[in-house]
Structures are given as structure tokens and as C-alpha cells.
Amino acid sequence: MILTLHDYWSARGCLILQPYDMRMGAGTFHTATTLRALGPEPWNAAFVQPCRRPTDGRYGENPNRLQHYYQYQVILKPSPADLQELYLGSLAAIGIDFTRHDIRFVEDDWESPTLGAWGLGWEVWCDGMEVTQFTYFQQMGGFDCKPVAGELTYGLERLAMYIQNVDSVYDLAFNDAGVSYGDVFHENEVQMSTWNFEVANTDTLFDQFRKAAAECENCLEAKLPIPAYEQAIEASHIFNLLQARGVISVAERQAYIGRVRDLAKGACAAWIEKNTPDWQARYSGWTL
Amino acid sequence: MTDLATDFLLELRSEEIPARMQDKAREDLARLFAAELDRAGMKAGEIVTYATPRRLALIARELPAETAAVREETKGPRTSAPAQALEGFLRKTGLSADQLTERDGVWFAVLEKPGRKAADVLAEAIPAIVRAFPWPKSMRWGAASASTESLRWVRPLQGIVALFGDDVVPCEIAGVVSGAATVGHRFHHPGVITIGSAADYVEKLRACHVIVDQDERRAIVRERASALAAEAGLSLIADEGLVAENAGLTEWPVPLLGRFEPEFLSVPPEVIQLTARVNQKYFVCSDASGKLANAFVCTANIEAADGGERIVEGNRKVLAARLSDARFFYETDLKVPLAEQAKKLEKIVFHEKLGTVADKVERVAKLARWLVEEGIVSSSLPGEGRGPVGTSEVTERSASQQQPSRLDPGLRRGTEELADMAERAARLAKADLVTGMVGEFPELQGLMGGYYAGAQGEDAQVAEAVRDHYKPVGQGDEVPTAPVTVAVSLADKLDTLRGFFLLEEPPTGSKDPFALRRAALGVIRLVTDNGLRGSLSTWLTKAVDLHLETCLRSLGRTVPEKPMYLEVQGDTRRLMSEGAEVLCFPVAADAPFYGGVRAQGLHPASPVDFFADRLKVQQREAGVRHDLIDAVFALGGEDDLVRLLARVRALQAFVTTEDGANLLAGYKRAANILKKEGYGASPTDVIPAEAGIQTPGDGDGVETTAALDSPPRGNDHKGAMEPAEADLLAALDAAEPAAARAVAAEDFEAAMAALATLRGPIDAFFEGVIVNDPDPAKRARRLALLDRVRTAVHTVADFSKIEG
């Protein structure tokens, strides 16, 4: 399925990239999405990104909720006029039959408070299941996207469940030799859920959060937006772990989100600052 | 003109428009279009609008082919006027002197505006409408979005069909050019179709699997979903919101019924219904016994090749995963006792200046207990509906409030039990806020707590109170009647209201972030529906004391057992108890807030007036006149809402009788005379200033004040009186105490009847006696008599507030 999508999007002009090697909550955090969504340069890329969402862990007991799963992400800047058709073409390519499956575009305005980003779009439903997040980015890191990028985020496990017609993600065949998704990941889900919810040392996590935030500031002072952004991603994930441990009160929650957002915004601002002379030289009339 | 009338079709096609925005978008389209026509001096015979997920359409029938020619004449200066005046006029109109017309020595500028072609008007109107469209949220897209000035629409705009008769109305918006082409259903008919005119629009689309009329799609969803449930021997739980939403998500709706595993029915039915509705937009069904059945109805957007088999199967799986999640939360939550969960409330801030939710719980628990101990809420509420009653004892009630100490020991024990339950329920009421299920579905707050409390062995009345203590939530929501629930619900709302008024954060205009209007309305309905007696101000004062405790605890001070009061010394305020200082704080704008303390010291603003306003709004729907509520409130000191409303109702019945209307007229005449004479309201009355404070410099001031101090009573001046005066005096002597007695006994009908006896004598007095007699003594006596009329009437209500 991944190979089919790679072929499909590659044939439509996308760079095929690899996952970012850090813990993150969504493919959107990949620098190929976040940072590249800023500025005037055209940018078309597709990649797989493993995602970690500690609070979504269910100890391997829920048929389609996981604390670790895979997203397939496509980013197209500027958003092409036929993006919906392109997307539907990719579903057909991986074997979704539109005469037997009900595909729907259901309003879902995307917002990432930790990235200071928002966009309008839909969650795409296949027979009632959300299989893709479809978003036209309007802002990233608090900055207007000029031009707007279209982002497609496929839930790979969920699509595979459709194609293989299984009830539980753990029953997915990983290969034709009898290895299932459960064989590969079930134990991981049980252990990681236990760690996320019960075991993770919260003092250590609070400490890590502070250190990531401090290091981000350090990078920003050194005018290094990419390392700064990495530290923001790190802080964001540590915050998610603290949430899963249930040690952040409602009032504090906003403060933490604000802190991460400031870090991410700082990194985006530094990225823009660094690139603006070049962007303006190559795209006359472009302004922030 | 009708023979030339033509229909116009406009379709604005875009990527999927959110379902919830479609109705408003149709209204806006019709409104903006009508405004554009109006500006051009055109009018359509009829405007019809349609919305689907992918198109917003308008058909305007019977438009004229051209607008009417307009002749505008502007009057200018006289021909004899100086040259500057003429120059100014020419500048203003943009004409030259030879273009002006002269009539009767005056210059006129005549502008002939020829009629415009309707097609031209429309070609300008379409871009104007699109650019001005008020979507609740709009976006930029595509290459053009390199500028933030690019067109905004709800989602990318894909096409425009604009046909006037059979002709395309040419226009272009942000690269989208109008034409006659559109597309059919996304999957059934993805190709381009050409529309001939407004007349064939709906049917051409139908042939391409698009039902453009939203009402028709709604009817299909509604009727087909019901039919499917009926075929399965079930009945659909109707939900018009879901009907509209599903119709807004489909161009060709096909409802399908599926089943989920019956094991999930162990999860509370409200949870199943909510997750099905909110997350999946499914209808649910009930079985013959009215219980939730393991069936759902989803609405597909296609006529599937396999009859929908795979679609149903896919939807079943999704629902199963959702329900599996709900069951996970439910079972996890059940394992933790609510009392244990409640401890986590210390970490949740209720409001930064009013403490944590745990602080609130502490206050509500004490207030709920107090409401029971004071007999305000008892085990036999006189309201109509009854919840389960916990104790067999029935409290005797009289008009005056019973103190628990006067009850016999059995009743006191009943009161204690009720107080214990109210306190217990209050301590558990907010605990579900930290449960997984409420975290996932905040709208289940209360309900889940009720389930958990019940399952964890709490008393049924306690569980019920936990469940229902947020009620009544809206105007139509049911009002709790079970005593434990009433106590907790009332305490919760009083605490919230008093707290935010301490902070001086009353709602303004449309801003009411803490839903204080709803809380006040809740209090009013709890009190009136259950006939809860007592002084609202006293309850609110108790709530203030509890806020003070939160504040003292947050400062690490001990809370005194005896009542606290405030001492003012220059710029300092000292909170005292039994002569000892509890807390001392400065009066300064930047002084720390100290919970309720500063507010109570400096701003003793009470929410009672706020309640009065809410009461008027609420009672208006019950047909009670707001001026009559004002008339009773104006007397002051009345804050027993039950008594107040009883009085208002009796008053309303009275003023609509002939006696009442005449008495009101007599009263107003008396009041007007007194006002003109500078005759103030009697000092015993508590009437707002504008009602009758003496005007300084009024010649009669001294004299009338003297008379006011000693109004004629009994037979003092009988000898000199005219018969009408004597009769009125006698009537007053009888009616005034009778009315006062009746009011004290809360027999307001009798009070009104007593007042009614004054009507005849007052009428006779005005007929037979001239108040403004040349003899100052007579005049003063008569004015004093009228003042007594006013005073007598005021034993019942301040009639000056009554309209008409």
C-alpha cells in the first residue's frame, strides 16, 4: 500500500521522503510539512511518519486506537485546483471501490494549538471511518501561509483494515507468510500504554520538558531554526506524555500548550527570517 | 412587463460545504441577491434557494429584462441667485450651465438614467455577492493565495453557473468563469453536465444523482430511516438535527440499517446514543419496550452496487470501535470510587479568583446542607412534581418559615438525614469531571456521575442528585423536584452566581461566559416550581460567607466558627469575628483580591436586581406582566420569590377587573395631584427616588411636609369634612388594615378585595370634592387624604409602576 502511494504521488511530482527520526504526534510535525509550508517556494512531498499519541493508548484492547501508528502524508504547495480528484485517485489506486464504499468529506477544521497552526478542510470518511485528514493550511506557527498548502494525512492502518476487510487492526496481515500486525505491535501497545499511563517518571518528564524548552531557546539565540524546531517537537511530545500521566491540571494545560506554541512559533519565525532574503529575491513581490 | 419576465439561475459550486453552514448560506444568498436587485431597482417574483454539500444555488423567477428608466430631478438655486450659488450647484451635479432646466425662476438638474439590461445588472451582482458573502469561516487556496488578498470562500470555489433565461450571464471571479456547465454526483455521475435554464436545473441534476432541494433530501432521510427501523420491528429515535446534518452531507441520501453487538448494551444508553450521534451521525432505535436496541441507521451518499452491504459492515465496525472505547472508559471509571475521583478536583481551577473545583465542592456541600437545615429545602416539597422521597416524615409548613429546632425529634432526624444526603451528593457531584468518559464526552457530565454513584452503592437519591444537579439547563429543561437534587442544584447555582457577582463580573449584553443568566433562571425555576420559601438575599449572604471561607483557607487562615463581619477604618477593612480580627486588608485599586473579601468590603453589589430582571424575562413567557413585577419589587424588601409571584399574580388578576382598572385610574390621578403639589411619598414607603422626592424650592414644601407628618386619622377633622371626604376616610380606615392583614397572611386575593372597596369612595371623592381648595387647611387635608390612598394602595404594590 505504501509503495502504491509512493508510486502514485511520485508520478504526480512529489518528492518521496523518509520519516522524521523523532517522536511526534503527527506527520504534520515533520519539517517537510511545518517549515516547508512557510514561504513562497512550491513544495510537493510524500512520506510515511510513525506517530505517537500517548493518550490514545488502549493497552492493545481497542480494535483501532493505538498510541503508535503510521500516517502517510502528502503536502502540496500551492494546493492544486484538482486536489480532491487527485486524492480520490490515490484511494482508487490502493483498491477502494467507489461503487461499494461510501466516501464522504465531513467538515473538520484542523487546528494544532501547539504549532500555532490552523486550516480548513475535512476528515474523509470511508463507510463512516475517518481514513484521511484533508486540510488547506491557512496559518503555520502563527504566520499566514502564502500560498496555501494542501495536506493529506492518510491513516494507513485504517485503510489497510478496509482493504483487507478485518475488524481489528491487530488482525491485519503484515505479509503473506502469516505475520499479523498484532504479532509485530500488540506487545508494544501493551507495554507502551502501561508506561505512558502508569510508569513514566513524571519528575523526569517535567525536567525533560524544561530542558527541551531551554535548548530550544538556546538554538534560537544561535539563529538555528531547525534544531530549535526539533526541541519544540521534543517538548510537545513530553507534554503529551505528562498529559497521559494525568499530572497536568486544566489550568496548567493551557500554559504548557502556550509554552510549546511559543517555541514552535519562535522556530518558524527564525526559519522565515533566515529565508526571507532568498524568497524575496526569487519571488518578487512576496512579503510575509 | 410580465410577458418579458425571465428566470435566473445561479449555482456556486465548491468543494464540500459544512452541513451546519448550509441553511444560513441559503438565507444569506437570498438576502444579498435581493439587496443587489433592489439597488438596481429590480424585483424578482420569487427567490428560491437550494444547498447541497457541493453547491449553493438560487433561482429568481420573473425578473424583468431591463430595469426601469429613472428620471431624477434636483432642485438648484433661483435664477436670480448670485453666480457662486450656481457654480456650487454645477460642481455638485457635475453638469454645465446649458444642461440645466429653468422652471419658475429656479434651476433644475435633470438626470435621465436609462434602463439597464438585467443581464448586466446580474453580471455585476454575482461577483459582489461572492465577495461579500458572510461565511462563518472562510479560506484561501491555490496559487493565488500567495497574496492574502485573494478570494475567500468556505472551501475552494470550483464553478459558477449563471443563466438568465437560456443565456449565460458572463462574469469572472478569481479565475472562475461563469457558464452553463456543472457536475453531477461525485461518484454516480462525475462528468460535466450542461444546464439549459433555471427550468431544467433541478431535474437535470436529479438525473445525475443529485437531489438539489435540501427539504426533499431531509424528507428522504427522515422517512426512509423510520421505515427501516419499522421493518426491523423497532422505532427510530427521531432527531431532526441528525436529519438536517445527514441531508447536508449527501447529494443522494441512502439510509441503511445495521446492527451492533448486543454486548455493548451494557454501556449506558445515553453514551451509545451520544457516540452514535456525535461521532458517527447515526440514528439509534428503541425496541418495543422502549429500551435502546442494538441497531443504528447511517446515511450513505451512494446507491451501492451491492445494496450497501459493505457500507453497513464498515459502519458497524467503526461504531464497534467507538463503543469499545466507551466501554473501556466506563469500566475503567467504575473501578475508581467517586469520592476518590473527587480528590483530583483540587487540581482543577474553577476560576482563578474563586478557587479550585474542590473549593467549590466544599462550598456547595455546606450550602446544600444549610438549605436543608434551615428548612428551605425539606423532604416534602410543595411543588407539583415529586421525586423519590427519602423520609417518611412530612414537614408541616406554614407561611412563616419553620425552624428545625421547632420540629419534633422525628422530623429533626428526617432533616438530618436529608442534610447528610445533600452534603454527600454535593461532594460527589463534580467528581465525574475527572473521569475518562466525561473527558471524552463533556456533555455527559452529571449523567455519568449518576451512573457511577449508583453502581458504587450510593443511595439512590444521592445518585439522582449527582445526575441531575446541573438541571434545569435550558428554558425547556425539566426542573428537579427530588429534595436532595433540589438542594444540591440550588446550592451549586447560588454559589456560582454569588461568586461571580463578588468578582463584579455580571453578564453584559451578549457576553455571559459563565452562564450566569442560565444559573439565575435555574434558581428561579427551582424556587418557583418547588415552592421554596425564604429570603433570596439571606441565601446569597450565606453563599458569601462560604466564599470568604475559601478565601481564608487559600491564605492559610483559620476559619472562625462564629459569624464574620466587616469593620471599616479609614483606608483599611478588617474582617472580624467575635471582636477578634480575622483578616485585615487595605483599600486600594491594586490591592490583592483576597477572594470575596475585597468585593464584600467595597462592592456589596448583590445579584438580587439581576434576579429581578431574569424573573421578568422568565415570567413574560408565562404571561405575567413585567410592570406588575416591578410594582411589587418597587416596594422593596420582598425577595421571597414564591410570595412575590403570588402577589404579582393576584395583582394581575385584579388590575384586569373593572374595580382594579378604576382603582388604578384613581390612584394615578391621586399620585399626579400629589406630585404636582410636591407632595412626597410617605416616608414609610420604600420607593425609588424618581417616584416622588420633594423638589427643592417648591412653595408648598413646608406645609405639605407638616401635613405629611400628621395625616388626618380617625375622626379628628370629621366635622369640617364633606361627605365624600368622610366616606373615603372611613373606607381607608377599614381597607388599609384589612389589606395589611391579608398581605401578612399571604392572602393576596383578599388584599386586592380590600383595596377594591376603595374604588367607589375614591371615585366619589374626585367627583364631589375639589382638592385645590382656596382654603389652605382644606387643601392640605385633602392632599393628606390622597396621600393615605397612595399609602394604602402601596400595602399591596407600587401602582405607579403599573402601565396603562
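The values are calculated or read from the model by the stated rules, or taken from the named source; none is laboratory data. Everything quoted here is computed from the prediction, not taken from an experiment. Note: ideal-geometry Cβ built from the backbone for every residue, glycine included; neighbour counts use all protein chains shown. SASA here: full protein model, heavy atoms, side chains in, ligands and nucleic acids out. Shrake-Rupley method; radii C 1.70, N 1.55, O 1.52, S 1.80 Å.
Computed quantities for the displayed model
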read-out	value
Matching residues, the stretch A:42-62, being farther than 12 Å from residue A:189 by Cβ and open to solvent by less than 40 Å² (accessible area, probe 1.4 Å)	A:43, A:45, A:46, A:47, A:48, A:49, A:50, A:51
Residue check for residue B:58: in a strand (DSSP E or B) and either among the hydroxyl-bearing types (Ser, Thr, Tyr) or under 21 Å from residue B:200 (Cβ atoms) (or both)	yes
Criterion violated by residue A:181 - all others in (1) open to solvent by less than 20 Å² (accessible area, probe 1.4 Å); (2) not assigned by the TED database to the domain that holds residue A:166 satisfied	(2)
Single unsatisfied condition, residue B:531 versus (1) under 20 Å from residue B:418 (Cα atoms); (2) buried (at least 18 other Cβ atoms within 10 Å of the Cβ); (3) more than 18 Å from the chain's Cα centre (by Cα)	(2)
Subset of the stretch B:447-498 [open to solvent by 40 Å² or more (accessible area, probe 1.4 Å), hydrophobic (A, V, I, L, M, F, W, C) and more than 14 Å from residue B:518 (Cβ to Cβ)]	B:455, B:460
From the options B:479, B:462, B:488, B:466, residue that is more than 30 Å from residue B:324 (Cα to Cα) and at pLDDT 95 or above	B:488
In the stretch A:121-133, the residues that are within 19 Å of residue B:14 (Cβ to Cβ), open to solvent by less than 10 Å² (accessible area, probe 1.4 Å) and either in contact with an Asp or Glu (Cβ under 6 Å, 6 or more places away or on another chain) or facing another protein chain (nearest Cβ under 7 Å) (or both)	A:122
Subset tally (residues that are within 14 Å of another protein chain (Cβ to nearest Cβ), more than 30 Å from residue B:346 (Cα to Cα) and open to solvent by 50 Å² or more (accessible area, probe 1.4 Å)) for the stretch A:253-287	6
Within the stretch B:149-165, tally of residues that are outside any strand (DSSP E or B) and open to solvent by less than 40 Å² (accessible area, probe 1.4 Å)	6
Matching residues in the stretch B:195-212 - criterion: being more than 17 Å from residue B:54 (Cβ to Cβ) and in contact with a strand residue (DSSP E or B) (Cβ under 6 Å, 6 or more places away or on another chain)	B:197, B:198
Scan of the stretch A:197-252 for residues that are within 14 Å of chain B (Cβ to nearest Cβ) and of a type in the set (D, E, K, R), ordered by number	A:198, A:245, A:252
Where residue A:136 falls short, out of the listed (1) more than 8 Å from chain B (Cβ to nearest Cβ); (2) touching an Asp or Glu at 6+ places or on another chain (Cβ under 9 Å); (3) closer than 21 Å to residue B:143 by Cβ	(1)
Hey, residue A:248 outside any helix (DSSP H, G or I) and in contact with a Leu (Cβ under 7 Å, 6 or more places away or on another chain) or not	yes
Pick from the stretch B:166-183, criterion within 14 Å of chain A (Cβ to nearest Cβ) and part of a loop (DSSP other than H, G, I, E, B), ranking: nearest to residue B:153 (Cα to Cα)	B:174
Qualifying residue in the stretch B:158-168 (condition: farther than 19 Å from residue B:201 by Cβ and at pLDDT 95 or above)	no
Some residue of the stretch B:88-100 being over 30 Å from residue A:111 (Cβ atoms) and in contact with a Lys or Arg (Cβ under 6 Å, 6 or more places away or on another chain)	no
Condition met for residue A:205 (open to solvent by less than 70 Å² (accessible area, probe 1.4 Å), assigned to a helix (DSSP H, G or I), not charged (D, E, K, R) and not assigned by the TED database to the domain that holds residue A:36)	yes
Residues satisfying the stated conditions in the stretch B:195-239, i.e. in contact with a Leu (Cβ under 7 Å, 6 or more places away or on another chain), among the polar types (S, T, N, Q) and open to solvent by less than 30 Å² (accessible area, probe 1.4 Å)	B:197
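Here is a yes/no grid of residues against (1) in a helix (DSSP H, G or I); (2) in contact with a helix residue (DSSP H, G or I) (Cβ under 7 Å, 6 or more places away or on another chain); (3) acidic (Asp, Glu); (4) assigned by the TED database to the domain that holds residue A:269:
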site	(1), (2), (3), (4)
A:138	no, no, no, no
A:146	no, yes, no, no
A:152	no, yes, no, no
A:157	yes, yes, yes, no
A:160	yes, no, no, no
A:163	yes, no, no, no
A:166	no, no, no, no
A:177	no, no, no, no
A:186	yes, yes, no, no
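For (1) surrounded by 18 or more Cβ atoms within 10 Å (Cβ to Cβ); (2) modelled with pLDDT of 90 or more; (3) part of a helix (DSSP H, G or I); (4) basic (Lys, Arg), each residue gets a yes or a no:
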| site | (1), (2), (3), (4) |
| --- | --- |
| B:730 | no, yes, yes, no |
| B:735 | yes, yes, yes, no |
| B:741 | no, yes, yes, yes |
| B:750 | no, yes, yes, no |
| B:754 | yes, yes, yes, no |
| B:761 | yes, yes, yes, no |
